[in-house]
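Structure, as structure tokens:
The values are calculated or read from the model by the stated rules, or taken from the named source; none is laboratory data. Remember, predicted model here, so these are calculated numbers, not experimental data. Virtual Cβ from ideal backbone geometry, glycine too; neighbours counted across all protein chains shown.
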């Protein structure tokens, strides 16, 4: 945490996802959750935000992360404004909760498998189930777009798909 002067707005990360056969959220096969926005507390200190991704997004100081079955809302991070500070929740399978006077929660990741949660109205069947796939939280090491590994990622989302026959 660091001391702030003035006000702070905490912009959150959006989710990156892959959909089959349309644009509806209920056609998502893979989701990489976005991190929550950092916010400022009523005492003026920067408050930590939750990481995105993984089966559950990370908790921020003022907002819970999205999970496989709930969060701010399906596919969208929460928004909050309060006087001098606000922090948005990260987008994801379920979005993270907004932070009222502090950091917001991150959005959850998702992989469509036989055992994964499918909400009412989910539009894809078993022919699209993935195997040997995972979602990795932003506070874990994972392959970087430019090679090597990184922990956390800033900027636009990135996906690499490799066909294995």
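With respect to residue 86, is the statement that it is in a loop (DSSP other than H, G, I, E, B) and modelled with pLDDT under 90 true? Here the answer is no, as residue 86 does not meet what is asked.
Right, residue 103: in contact with a strand residue (DSSP E or B) (Cβ under 9 Å, 6 or more places away or on another chain) and either part of a loop (DSSP other than H, G, I, E, B) or free of Cβ contacts under 8 Å to residues at least 24 places away in the same chain (or both) or not? Talk me through it step by step, then tell me what you get.
Details: in contact with a strand residue (DSSP E or B) (Cβ under 9 Å, 6 or more places away or on another chain): yes; either part of a loop (DSSP other than H, G, I, E, B) or free of Cβ contacts under 8 Å to residues at least 24 places away in the same chain (or both): yes.
The answer is yes for residue 103.
Among the residues of the stretch 133-144, those that are touching a residue at least 12 places away in the same chain (Cβ under 8 Å) and either within 30 Å of residue 80 (Cβ to Cβ) or in a loop (DSSP other than H, G, I, E, B) (or both) comprise 133, 134, 135, 136, 137, 138, 139, 140. Restricting attention to the stretch 17-53 and to residues that are modelled with pLDDT of 90 or more and in a strand (DSSP E or B), the residue that is surrounded by the fewest Cβ atoms within 10 Å (Cβ to Cβ) turns out to be 18.
Restricted to the stretch 106-121, and to residues that are touching a strand residue (DSSP E or B) at 6+ places or on another chain (Cβ under 9 Å) and part of a loop (DSSP other than H, G, I, E, B), which residue is farthest from residue 32 (Cα to Cα)? Steps first, please.
Let us first name the residues in the stretch 106-121 that are touching a strand residue (DSSP E or B) at 6+ places or on another chain (Cβ under 9 Å), namely 107-112, 116-117, 119.
Still in the list and also part of a loop (DSSP other than H, G, I, E, B): 107-109, 112, 116-117, 119.
Numbers: 107: 8, 108: 7, 109: 5, 112: 12, 116: 15, 117: 16, 119: 18 Å.
The selected residue is 119.
Taking the stretch 123-136 as the range and being touching a strand residue (DSSP E or B) at 6+ places or on another chain (Cβ under 9 Å) and under 20 Å from residue 15 (Cα atoms) as the test, the residues that pass are 124, 130, 133, 134, 135, 136. Considering the stretch 137-149, and only residues there that are in contact with a strand residue (DSSP E or B) (Cβ under 7 Å, 6 or more places away or on another chain) and at pLDDT 90 or above, the residue that is farthest from residue 31 (Cα to Cα) turns out to be 149. Among residues of the stretch 110-132 that are in contact (Cβ under 8 Å) with a residue 60 or more places away in the chain and on the phi > 0 side of the Ramachandran plot, those with a Cβ under 7 angstrom from a residue that is in a helix (DSSP H, G or I) and surrounded by 10 or more Cβ atoms within 10 Å (Cβ to Cβ), sequence gap 6+ or separate chain, pair up as 121/26. Within the stretch 84-128, take every residue that is within 16 Å of residue 73 (Cα to Cα) and touching a helix residue (DSSP H, G or I) at 6+ places or on another chain (Cβ under 6 Å) and give me the one that is surrounded by the fewest Cβ atoms within 10 Å (Cβ to Cβ). By that ranking, first place goes to 121. If you go through the stretch 54-79 and keep only what is buried (at least 22 other Cβ atoms within 10 Å of the Cβ) and either closer than 10 Å to residue 98 by Cα or in contact with a strand residue (DSSP E or B) (Cβ under 6 Å, 6 or more places away or on another chain) (or both), you end up with 60, 61, 62, 63, 64, 65, 66, 71, 72, 77, 78. Can you confirm whether residue 147 is part of a loop (DSSP other than H, G, I, E, B) and on the phi > 0 side of the Ramachandran plot? Considered against the rule, which asks whether it is part of a loop (DSSP other than H, G, I, E, B) and on the phi > 0 side of the Ramachandran plot, residue 147 comes out as yes.
Taking residue 163, is it over 20 Å from residue 26 (Cβ atoms), modelled with pLDDT under 95 and surrounded by fewer than 24 Cβ atoms within 10 Å (Cβ to Cβ)? Outline the logic, then answer.
On the way: over 20 Å from residue 26 (Cβ atoms): yes; modelled with pLDDT under 95: yes; surrounded by fewer than 24 Cβ atoms within 10 Å (Cβ to Cβ): yes.
In short, yes.
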